[in-house]
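The values are calculated or read from the model by the stated rules, or taken from the named source; none is laboratory data. Since the structure is predicted, the reported quantities are computational estimates derived from the model, not experimental observations. Cβ placement follows ideal geometry from the backbone for every residue including glycine, while neighbour counts extend to all protein chains displayed.
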Amino acid sequence: MATLGDRLSALFRYRVGKFDSTTLPDDLGIYGRTISGSFVNESSALGISTVYACVNKIASTVASLGLEVMVEERDSVVVANAHPAYDLVKYEPNSYQTAYEFWETILAHAVLSGVGYAVIERDTRGYAMAMHIVGRNDVDERKVNGEMAYVVRNYGVVMPENMLTICNLQRKSPIAVHRDNLGLAKSAQDFGAEYFGSGGQMTGILSTDEPLKKEQMDVIQQSWQKANLQAGTKLLPFGFKYSRVSITPDEAQFIETRKFQAEEICRIFSVPPALVQLESQTTYNNVEQQNLMFARHTVTPWTKRIEQEIDRKLLLSFERPQIYAKFDLNDLYRGDMQARAAFYTQMLQNGSMRINEVRKKEGLNPVEGGDVHLVQVNQIALDRVQAYSDKLSSNETGTI
């Protein structure tokens, strides 16, 4: 009869073809023990403040962005608010979640464990009418009747076209890949908690040259441990000596270790340290640059994954590419008031934007006459540029 280990090995061979027996438990996510001795998995890793801050920053930032379903009509692009997928992605993906909570949750799953899953429910026409998030531990990818499918606990078999999947690089959990790195951060955190929890008392050895019975040793040990729970002077029995065997936080470079590991975690999740309240040589002048780095190199790849998955799973094949999902990333690239004013001035003078478009981006109501494009020549309307040019030409001809 096959043992549990044999069945797990067979399952792993089925999934990847080959394996290293020494790393099999970690590859399957069974154990989370690290070299430093700390236990780290996706749940316990959230207890590390920098991990929580990075996951929260990515998930909440993406969820707060505007997400629309757009449609190309002739020479213009408008919001496809009549499409069934529009309300799902923008307002109500299901009966118990807002769109913000849905995208924040599935992104947190993807960032933390490598993949975020949501089961898609469809109507008789094939259009998506609801999306329900399921945890990675509740999903098993395997072949069903010769085809790859998702087997969801307490739900059943879900075919790939009915499973919305948001994944990171190679669908691997960064917690599992960097477990030992995170274990060091967790150990440093636990060391600090244990040190201050014991009132700053260090681990040591009580020794004496006098022979003692076991009962006497137990009494003295219990008395010493009880005394250590309270601050104040400790009295050693006659002939006893205390030798410290652990190191102080200064000797362990406690602060430096915690700071370095926090920066390492930021590197794992590609989040600039300043955005999770780490100093990291941050100055007022380079905070904006770190925000731009976060927008370009962290947020944008995640939004692209979501857009393409929506196009693939929530839109019907004949609707593409005229209909597509699009995040509004303008807010991420907005500078300060002075930089925005200079940008808008340039766009208005070149006729690239209308006054009401600028007002809408700034949250202001439209004004009368603000829907025409202007150019720099006396700020006249584009539809009068030709008449103005003809008038100039006629004047020049008359003078000649």
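Tabulated data
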quantity: Listing of helices (runs of 4 or more DSSP H) fully contained in segment 299-370 that carry 3 or more residues being surrounded by 15 or more Cβ atoms within 10 Å (Cβ to Cβ) and out of contact with any helix residue (DSSP H, G or I) (no Cβ under 8 Å at 6 or more places or on another chain); calculated: 300-313, 355-361
quantity: Search result, residues across segment 289-298 that are surrounded by 20 or more Cβ atoms within 10 Å (Cβ to Cβ) and either free of Cβ contacts under 8 Å to residues at least 40 places away in the same chain or not hydroxyl-bearing (Ser, Thr, Tyr) (or both); calculated: PHE294
quantity: Scan of segment 70-108 for residues that are assigned to a loop (DSSP other than H, G, I, E, B) and closer than 19 Å to GLU307 by Cβ, ordered by number; calculated: ALA80, ASN81, HIS83, TYR91, PRO93
quantity: Residue that is free of Cβ contacts under 8 Å to residues at least 60 places away in the same chain and either outside any strand (DSSP E or B) or of a type outside the set (D, E, K, R) (or both), where the choices are ILE133, ILE120; calculated: ILE133
quantity: Candidates LEU212, LEU235, LEU164, LEU184, filtered to the one that is touching a strand residue (DSSP E or B) at 6+ places or on another chain (Cβ under 7 Å) and either at pLDDT 65 or above or not in a strand (DSSP E or B) (or both); calculated: LEU164
quantity: Neighbours by Cβ (under 9 Å, 6+ apart or cross-chain): first from segment 342-367, in the same structural domain as ARG384 (by TED's automatic domain parsing) and without any contact (Cβ under 8 Å) to a residue 60 or more places away in the chain; second aromatic (Phe, Trp, Tyr) and assigned to a helix (DSSP H, G or I); calculated: MET353/TYR344; VAL358/TYR344; LYS361/TYR344; GLU362/TYR344
